[in-house]
Amino acid sequence: MADDGYRPRPPQDDDLRNAIERLAVFVAKNGPEFEKMTMEKQEGNPKFAFLYGGPFNEYYRFCVEREVQNR
């Protein structure tokens with residue numbers, strides 16, 4: 001992902017934003033298998049809808065990519 005200065009809008013809910021950002025750190029560190037495991041465990045949990053293309057999926061993907069680039 002090129003750094004074009006674009007940053008998707010984060011959720012206004014601080015708990016959701018923190019959950020997205022924390023998970024992004026773990027996914028960047030542990031790889032796609034960790035994300036897959038989380039998706040399996042959290043299936044049906046609305047708090048993790050961003051993993052399945054929910055409204056904040058773009059922000060989540062942005063955070064993962066940012067963490068990968070910072071490693």
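Each peptide among 22-29, 44-51, 4-11, 57-64 gets the average number of other Cβ atoms lying within 10 Å of its residues, and from highest to lowest they stand as 57-64, 22-29, 44-51, 4-11. The dipole here belongs to the chain: it is taken about the Cα centre, uses +1 on the Cβ of Lys and Arg and -1 on the Cβ of Asp and Glu, and is about 100 debye.
Among (i) 26; (ii) 56; (iii) 19, which one is percent of Cα pairs over 21 Å apart computed from these coordinates? Looking at percent of Cα pairs over 21 Å apart for this model, the match is (iii).
Read-outs: derived from the displayed coordinates by stated rules, not from any lab. What you see is a predicted model; the values in this text were computed from it and never measured. Cβ coordinates were reconstructed from backbone atoms using ideal geometry, including for glycine residues, and neighbour counts include every protein chain displayed.
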